[in-house]
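The values are calculated or read from the model by the stated rules, or taken from the named source; none is laboratory data. Keep in mind that what you see is a predicted model, and the values were worked out from it rather than measured. Note that we place each Cβ from the backbone using ideal geometry, even for glycine, and neighbour counts take in every protein chain shown. Quick note on the areas: whole protein, heavy atoms, side chains included, nothing else; ligands and nucleic acids left out. Shrake-Rupley method; radii C 1.70, N 1.55, O 1.52, S 1.80 Å.
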Amino acid sequence: MKKFSNLRRVEGKSKVTGTALFIDDLNFPDMLHGITVRSPVARGILKKIHFDPSINWNDFVIVTAKDIPGQNIIHLIKEDWPFLVGERINHKGEAIVLLAHHDQQKLSEASTKISFEIETLPAIFTIDDSINKKEIIWGDDNCFKKYYINKGDIDLAFKDAFHVFEQTYRTLHQEQLYIEPQGAIAAYNELEGITVWGSLQCPYYVHGALTNLFNFSNEKVRIIQSETGGAFGGKEDYPSMIAGHAALLAYKAKKPVKLIYKRAEDLQVTTKRHPSQTTIKTAVDEGGKLLAMDIAFLLDGGAYATLSEVVLSRGTLHAAGPYFCENIRIKSKVMATNSPPNGAFRGFGAPQSIFAMERHLDNVARSIGITPEKIRTINFIKRGQTTATNQVLDEKLDFDSLLSTTLSKLKKDTKKSKHKHIKSGIGIATFMHGAGFTGSGEKYLASVAGIEAMDDGKIKILCASTEMGQGRNTIFAQVVSETLGIDPHHILTPAPDTLEAPNSGPTVASRTSMIVGKLLEHAANGLRNTLLAAGLIPEKYTEAKFIQALKIYKKKYGTLKSFHQYKQPEHIKWDDQTYQGDAYPTFAWACYGAQVSVNTLTYEIKVDNFVATQEVGRVLNRKLAEGQIEGGIAQGIGFAIFEKAIFKDGVMINNSFTNYIMPTALDLPRIHVYFKEWNKDYGPGGAKGIGELPLDGSGPAVINAVADALNICPDTIPYLPEDLMNDMEFLK
Amino acid sequence: MNTQKIKIQFTLNNQETIITTYPMKRLIDVLRDDLHLTGTKEGCGEGECGACAVFINGELVNSCLVPIIQVDGTIVSTIENFASDFELDRIQESFINNNGAQCGICTPGMILASSALLMKNANPNEQEIRTNLAGNLCRCTGYNKILDSVKEASKLIRKK
C-alpha cells in the first residue's frame, strides 16, 4: 500500500494566502450585528430590565428569555445551562439581553443604556466554600458529580508502611486562547428554519442545542462549520451558546445576524480549564516502591454543569499515573461556584491530576533520598499489570525506554551556567493519555462517517469532525487515499454541514484520527468492495482504472456512498457504576523532560531545552504529528510558568492579551520530539490519538526542573516570577 | 462618532484607493469592512498578537492600532498582495512545506512578519527569527514549524 505520510496540509494554500474564510470573514446581504448585554453581579434574582428612553429602541431587535420559542436550556449532559437569564443569575457576565442592529457603533452605545434591577445574593468563588456549603448554589450540596475508585485495601497498606507522604497541589484557570475569538452567524426563514455558520468543534452539539431552543425538528436546523482559528476545547460547548444567541436574534429579525466576540468579552465569559486541588497521600517501601495511593481530586466547575462531569472523569482516570500499585483509592468531586462554567481544554482534566502526581513523585523521591528517575523506574506499570480501574494493559509498554530516550537527549544539551545567580535544573514527567471517549462513551456515541463518489471521479468525505488546525482534512485525505490506492488530490474534505454530514461525534478527546479515521478506512474499503462486486475493478487496479470505475458506477446507479458505524470491540469491558474495567481502548505513553535556568536575581524562569518522547502507534503524518506535540507542549509550558488568569467576582479581570501572557517565539526553546511506534492495533494504519497528550506532562516536567534547580517545592501552577520570589523570600 | 467623514487617499496593493470615512476608523476595519480584504485578521484589537499585520510604506505595523487618517498618502500592502494569481511566494510555499500554518488565523500576519525579517536579513539565525516574530502570537505550533518555514524560505531566497 502506498503511503502518503508526507502529505502537506490540504487547506494550506488558503491559509497562507489569507483566503480561508473564518467566521468574521463571512457577510450576507442585509446582515445585522449582534451584541450581548450581561449581568453585572455574580449571583442574584433579576427583577426588572430598564431601557433608557434616550434611545429609540424601535430601531433595534431586542431578545430576552421571554422570546425563546422552545427550551431555555443548552442541551448537553445535565440540563441546567440557560441561553439567557430568566430569573436567577448565577455568574457575572451571564447573558440577559441580546440586541441587533446594522450599525455596530449604535449597537455598542445602546448596549450601555440597558440596566438591571437585581436582588443581589451572596456568591461563592472557591472549591472550599462550595464544599463547606457556605451558600447552596446548585442542587442540594453544590456538587455536580463525584466518582469513587477503589483497588485493594489502602488502609491496610498504610498501616505498616515505611514512609507516608501527603501533600496538596493546585492548578488555576487556564484560557484556551485560540487566536480567533468565538463567533457565529445565523439566518432564518420559514421554509428552511435556522442555519448557523460558526467557529466550532462539534456541529452536532450546536444542532442539538438549537433544536431544543426552537422546538424545531432536526431538519429545521442546519449547522455549517466555518474555518476555525484554533479551539483547543474552547469551542466544544460554548459555540452552542453564541450560535443560540445569533439564532434568536435572526429568528426575531428575519434577517441574518452576525455575533462576534471582542477578545475582552471572549476571555471574560467563555469556558476555561477547571482549577483543581489534588491531595495525594502515598505509602512507599524503603526502595521507593508504591504500596498505596490515596488521592482526592477536586475541580471548580463554575456555575453550571456543562462538561464538568466528563472532565472530572478523565482527570480521575489519569490521577494515578502510569504506575502500578496494588492499593489505590481515588475520590473526586467537581463543585459549583459563581463563575462562568469551566469547560473543555486540551487534556480535559488530566493535566490537572497528572501535574499533582508528577510533582508528588518528585517530592516522595526527595524525601526518601532517591532520584526522580529511580522512583519512576521502580513503579512503572508494565504489560499485563492493572491500572486503578483494574484494566489489564495488554500492549507493548516500555517506559524505561521512553525515559532513557528523553534523558539521553536532555543531558546532552545540559551546560552549567557561567553566572552564579543562574541556577539550572532538569525535570521529567512520565504519563499516559487515554485515546477516544472514556469507558462506554464511544459505544453510546455510535459514530458514523462515510465517503461519497462525485461525478468528476473525486471522493468526498462525509463526517462531522472539524478541522481547527490539528490536521483533520489532511489525515482523512491521507487515510482514504491510502486505503483506496489513489492520490490524495482526489479526496475532497469539505467542512461539516449537518445537512449532509452524518454524526461522527464531537471533535474532542484525541478521537478524530483514531476513531473517525478508522471509520473512514472501513468506509473506503466498503466503497472499493462495491466496485469489486460490480465487476468494475479487478483486485489490483491502477488509479486511472479506479477513477473510471467510479464514474461508470455513478452513471449506471446514480449514487455511490459508503458509511461505517462504530462498534465497540467485544473485549472492551467497562462498568459505569463501579468505574471498573477498560477505561480507554488504548493509551498514548510518554516521558517528557525539561531543562530550565532560573535567574535568582530577577526570578525569571527560562525553559532552555525540552524533550518529548512518546509512543503513539503509527505516526500517520510526521510533520502534522510533530506540530500537535510541539503546540501542546507550548501550551503546557504556558500552563506552568506564564498564564495566570486573575479572577475577581468570579470573572477574569486580566482579560486581554496584554495582561494574560501566553508564550511568544522568544519564550520557548526548540522542542525536540521523538516518536516510538510500538502498538499498531487501533486507528487507521495503527494510529492512536495524540492531540491532548502533550498538555499532560509538559507542565510538571518544567516545574520539576525548577524544583531541581533551586531545591524548592512549588505546588501550585502557574508559577510566575512573583510566586518564585515569595517562595525564596520565605526560605531566607 | 460625531466627527465628519473625510476623504483618504492611499495606494493599496498597487492600486490608488480613495475612501470617505471617519478619521479615527481603524485601518483594519477599513480593509475588512469597507474594502472586503479579509486576509488581515483581528485576534486581540490591541496590538499584541500581530494577526492584523500589514505593511505601511514598507514598515510592518499592526493595523488594529492605526487610525485611517494616518494612512493618507501612504503605500499599504496586505496579504492579498503577497502572492501573484499564479504562484505562491516562497515564504508561503515554505509555510505549507513545513506545516508552519495550523489553524491559519495567525498565518497572514506571520508571513508578513517573516517577509519583513527576510527583507532586512536574508540569512537570519534561529534567535533572530524568534526575536523578529515575537510580536506575532501563534497558539497552535509552539513555533518550531514556523522557524523551520522561515529557514527554508531564507534558503530559497538566497538560492535565487
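Some observations on this one:
- Amide H to amide H, with H built 1.01 Å from N, A:ASN503 comes under 5 Å of A:VAL448, counting only residues 5 or more places away or on other chains.
- Taking the chain by itself as reference, segment B:89-110 contains these residues with an accessible-area loss of 40 Å² or more in the full protein complex (1.4 Å probe, heavy atoms): B:ILE96, B:ASN97, B:ASN99, B:GLN102, B:CYS103, B:ILE105.
- Summary of packing: across the peptides A:547-554, A:381-388, A:52-59, A:566-573, the per-residue average of other C-beta atoms within 10 Å ranks them, highest first, as A:547-554, A:381-388, A:566-573, A:52-59.
- Taking label positions 7 Å along the Cα-Cβ direction at both A:GLN105 and A:HIS571, the computed distance is 6.8 nm, reported to one decimal.
- Chain B - percent relative contact order, Cα under 8 Å, separation 6 or more: 23 percent
- 3J(HN,Hα) along segment B:44-61, derived from phi through the Karplus expression 6.51 cos²θ - 1.76 cosθ + 1.60 where θ = phi - 60°, amounts to 9, x, 9, x, 9, 9, x, 5, 9, 4, 9, 9, 10, 6, x, 9, 6, 9 Hz, with x in place of Gly and Pro.
- Rounded to the nearest whole Hz, the Karplus-based 3J(HN,Hα) values (6.51 cos²θ - 1.76 cosθ + 1.60, θ = phi - 60°) of segment A:173-189 follow the sequence 4, 9, 8, 5, 6, 3, 6, 8, x, 5, x, 8, 10, 10, 9, 9, 9, with x at glycine and proline.
- Solvent exposure of A:GLU722, expressed as accessible area, is near 90 Å², computed with a probe of 1.4 Å over the protein chains only.
- Where only C-alpha atoms are counted, convex hull volume of chain A per residue in Å³: 168 Å³
- Peptide A:456-466, shielding by other chains (average Cβ, 10 Å cutoff): 0
- Using the Karplus relation 6.51 cos²θ - 1.76 cosθ + 1.60 with θ = phi - 60°, the per-residue 3J(HN,Hα) values for segment A:200-217 come to 7, 9, 9, x, 7, 5, 5, 4, x, 5, 7, 4, 5, 4, 9, 6, 9, 6 Hz, with x marking Gly and Pro.
- Length-normalised contact order of segment B:90-159 in % [C-alpha pairs under 8 Å, at least 6 apart]: 51 percent
- A simple spin-label model places pseudo-atoms 7 Å from Cα toward Cβ; at A:LEU121 and A:ASN654 they are separated by 3.2 nm.
- Average beta carbon contacts from partner chains per residue of B:45-51, 10 Å cutoff: 5
- Taken per residue, the accessible surface of chain A reaches 36 Å², heavy atoms only and a 1.4 Å probe.
- Taking all protein chains as shown and a probe of 1.4 angstrom, A:HIS75 keeps an accessible surface of around 80 Å².
- Positive-end extreme of charge dipole, segment B:90-159 - chosen from B:SER114, B:GLY142, B:GLY100 (charges on Cβ): B:SER114
- Calculated FRET efficiency for the pair A:LYS66/A:ARG170, C-beta based, R₀ 45 Å, to 0.05: 0.60
- Shielding score for A:22-28, defined as the mean number of other chain Cβ atoms within 10 Å: 3
- When each of the peptides A:436-446, A:591-601 is scored by the mean number of other C-beta atoms lying within 10 Å of its residues, the order from highest to lowest reads A:591-601, A:436-446.
- Contact order, relative form, for chain A: 16 percent (alpha carbon pairs under 8 Å, 6 or more residues apart, mean separation divided by residue count).
- Chains B and A together bury roughly 4200 Å² of accessible area, counting both sides, with a 1.4 Å probe on protein heavy atoms only.
- Taking 27 Å as the straight-line reach from the Cα of A:LYS420, the lysines in range (excluding those fewer than 8 positions away in the same chain) are A:LYS409, A:LYS411, A:LYS412, A:LYS606, A:LYS732.
- Tail beyond 21 Å, pair distance distribution of segment A:603-732 (Cα, percent): 49 percent
- Here the convex hull built on the C-alpha positions of segment B:90-159 has a volume of 69 cubic angstrom per residue.
- Taking every DSSP helix (H) stretch of at least 4 residues in chain A, weighting each as -39,500 (n - 2.57) and dividing the sum by the residue count yields a mean residue ellipticity at 222 nm of -9000 deg cm²/dmol.
- Accessible surface of the protein assembly as shown, 1.4 Å probe, proportion on carbon and sulfur as whole %: 50 percent
- A:GLN71 long-range amide H proximity, modeled H, under 5 Å: A:LEU213, A:PHE214, A:ASN215
- Of A:LYS648/B:LYS25; A:LYS220/A:LYS561; A:LYS48/A:LYS644; A:LYS460/A:LYS518; A:LYS134/A:LYS648; A:LYS146/A:LYS281, pairs whose Cα-Cα distance is over 26 Å: A:LYS648/B:LYS25; A:LYS48/A:LYS644
- Contour minus Cα-Cα distance for A:ALA446 and A:THR602 (0.36 nm per residue): 50.7 nm
- Inter-probe distance in nm under a simple model that places probes 7 Å from Cα toward Cβ, at A:GLU190 and A:ASP155: 7.0 nm
- The protection proxy used here, the mean number of other Cβ atoms lying within 10 Å of each residue, ranks peptides B:91-98, A:65-72, A:698-705 as follows, highest first: A:698-705, B:91-98, A:65-72.
- Checked against a 24 Å cut-off, the cross-linked pairs A:LYS235/B:LYS41; A:LYS66/A:LYS254; A:LYS159/A:LYS396 give Cα-Cα distances beyond that limit for A:LYS159/A:LYS396.
- Cβ-defined net charge surrounding A:ALA296, 12 Å radius [Lys, Arg +1; Asp, Glu -1]: +3
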